[in-house]
1. Give me the distance in nm between label points sitting 7 Å out from Cα along the Cα-to-Cβ direction at A:Asp40 and A:Thr273, one decimal.
2. Give me a comma-separated list of calculated 3J(HN,Hα) values for the range A:137-144, in order, Karplus coefficients 6.51, -1.76, 1.60 applied at θ = phi - 60°, integers in Hz, x for any Gly or Pro.
3. If A:Glu200, A:Glu277 are ordered by their accessible area, calculated over protein heavy atoms with a 1.4 Å probe, which sequence runs from highest to lowest?
4. What list of ³J(HN,Hα) values in whole Hz, one per residue of the range A:65-72 in order, does the Karplus curve 6.51 cos²θ - 1.76 cosθ + 1.60 (θ = phi - 60°) give from phi, with Gly and Pro shown as x?
5. To test your reading of the geometry: what angle, between 0 and 90 degrees and rounded to tens, separates the Cα axis of helix B:55-70 from the longest principal axis of chain B?
6. Explain nothing, just the number: relative contact order of the range B:2-252, from Cα pairs under 8 Å at least 6 residues apart, as a whole percent.
7. Please list, in order along the range B:189-194, the HN-Hα scalar couplings obtained from phi with the Karplus expression 6.51 cos²θ - 1.76 cosθ + 1.60 (θ = phi - 60°), rounded to whole Hz, x for Gly and Pro.
8. Under the rule a/c < 1.5 gives rounded, and otherwise a/b versus b/c splits prolate from oblate, where does the protein assembly as shown land using the Cα gyration tensor?
Amino acid sequence: MPAAEVSVTHAARQSPDTCAIEVRGLCKSFGEVKALIGVDLDVQRGTVLGLLGPNGAGKTTLVRILTTLLKPDSGRANVLGLDVVKDAARLRSEIGLAGQYAAVDENLTGLENLTMVGRLYGDSRAGAKARAQELLARFDLTEAARRPTKTYSGGMRRRLDLAAALVAKPPLLFLDEPTTGLDPRSRLDLWTVIEELVAEGRTALLTTQYLDEADRLADTIAVTDHGRVIASGTPDELKDRIGGERLEVRIEDGGDLQAAANALAPLSDEPPTLDGELVRVNVRQRRGSIVEAVRRLSEAGIGVDDLLLRRPTLDDVFIALTGHAAETSPERADAKSEGTERAGRLRDRRGAGGRR
Amino acid sequence: MRRAISDTLVIAERNLIRLPRAPELLIAFTVQPIMFVLLFRYVFGGAISTPGFSYVDFLIPGIIVQNIAFGGFVTAIGLNEDVHRGLIDRFRSLPMARSAVLAGRTLSDIATNCLSIAILLCTGLIIGFKFSASVPEIIGGIGLLLLFGYAFSWFFAFVGLLVSTPESANSVGFILIFPLTFISSAFVPVQSMPSVLRAFAKVNPFTITVDAMRHLWVGAPAGGYVWQAVLWAGGIMVIFALLAVARYQRATGG
Ligand SMILES: Nc1ncnc2c1ncn2[C@@H]1O[C@H](COP(=O)(O)OP(=O)(O)OP(=O)(O)O)[C@@H](O)[C@H]1O
Ligand SMILES: [Mg+2]
């Protein structure tokens, strides 16, 4: 990736106020559906907030309110010291938004898309084009610059959308599920890009359904569910509350489950849980735990079918914080009947933490 | 104000750039009207009697008016796609003039309508259409056509914001407008219709506009038609522009 741009001007950052985003008691309903019920949130300048939550939690609604696309019913929100309702017009030139669904014109080329956005920020044609080319180079899209974006892959579209959010070099970025629907490789690429953007001193709010994504990119995580923030803290604080890696052992048919649990108990501070042929252990530390587990099981003479060490997923977070698994709100599922997209996403979520 | 104009031009330019890349739209603007002119002229023309005019002179003003009324369907499809694919969110998150999305959209229709008029006029002239008009009358006719087309762009903008898919935007527009254009003087003299249809055809704005065009281009007697046509176009434009703007604000949660 070409050299990072350092020339970000942060007029807003010089203000003594250190809060980039300040949200108090924010509520928003769509008819009967209460999308937000009293959200409080603080994001410090120069930090990344990861807004973690399942489908229908209200993440997009919050992002849309903070980016002036939607008016809240009650409560208030200040972004870079500007009120999202009263100072909406001024705020728009200070923020960049990459929405949940890449907002690019399919029939325009990458270059035309970015040039158009630049001109809508008030740039001259030449200035907008130069900036567009700079961004295309930065996001590895130069070769595709003159192709209509309908020929782009999902990852390329996301990068273009992100580039569009950066046209005016905003000090504050909103990224709504930036990696949802991408393959693992594109996902890693995008993470790197986002890390670079943040390293330049930007503030960012990103929403995600993946704990590992929030863990990697965010300084602070706010867990949302049913329209409110149910927990927040640094990734480490949160992980302390939900425990570390999960070791899952599937015992051979007819194996002694209890014996296996006893054999694995020393790996954890908590007693293992049993579930069918599965023994689950919250291991104390990742390193060496697989070797240790295999050794203990074979010493006890227990046959193993499958064994995996995985990071806690969003589901684990929810079970730990609320005692129940994350559920997709039913209204949400009908609200957008993009069946395949949704099904794909739920599948994604399952696999998200699975790293052997 | 200056900003509103430049933003509108940027959006209009964008709409025009993408047009040639959607071949089915381009065909709707070029091949399809030519086909209709030829079919009417050579298939129906012989069977329709138009006292005082050759059928081709009678047909061309009528068929151009019909075509221009549909010119705005690109707006319906385009706006609908923009809303549902999130592009409107991108626009609304920018510090651009709010009015530019709709204004730019309808403005680009004027350009495509000019193209339609040129294509149809050339086809007409090739198959024997003759103006019997002064240059100001010819130009006045083109002006009336563009105004009428612009008014219908707002109708289509409203339809595009109202329905949930681009396909239904297209068919709703078609179902509402197509019969109106046929129950008018566009293709046959209204005198030949059964009395109920004739009564409707006489007050139909399409008849009034087509008759005004015939007055301007081929010297048909027409009394107050031109002014009535202008008033109709203005009225349609104002009503649907208001509806479209209100709908736009609702559709975008503003
Ligand atoms: N325009 C709308 N009209 C009606 N209901 C809406 C609208 N937008 C959102 N909702 C509802 O508000 C709730 C929160 O939706 P939101 O899109 O904010 O969730 P989310 O956390 O972004 O979910 P996802 O992960 O699926 O994107 C859902 O129940 C949804 O159905
Ligand atoms: Mg969302």
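1. 3.0 nm
2. These are the phi-based 3J(HN,Hα) values: 5, 4, 9, 6, 10, 4, 5, 9 Hz.
3. Per-residue accessible area, sorted high to low, gives A:Glu277, A:Glu200.
4. Computed from phi, the couplings for the range A:65-72 are 5, 5, 9, 6, 7, 9, 9, x Hz.
5. The angle comes out at about 10 degrees.
6. Averaging sequence separation for qualifying contacts and normalising by length gives 27 percent for the range B:2-252.
7. Each residue of the range B:189-194 in turn: x, 5, 4, 7, 8, x Hz.
8. Taking the square roots of the gyration eigenvalues as a ≥ b ≥ c, the protein assembly as shown is prolate.
The values are calculated or read from the model by the stated rules, or taken from the named source; none is laboratory data. No experiment lies behind these values; they were computed from the predicted model shown. A quick note on method: Cβ atoms are made from the backbone with ideal geometry, for glycine too, and the neighbour counts reach across all protein chains shown. Quick note on the areas: whole protein, heavy atoms, side chains included, nothing else; ligands and nucleic acids left out. Shrake-Rupley method; radii C 1.70, N 1.55, O 1.52, S 1.80 Å.
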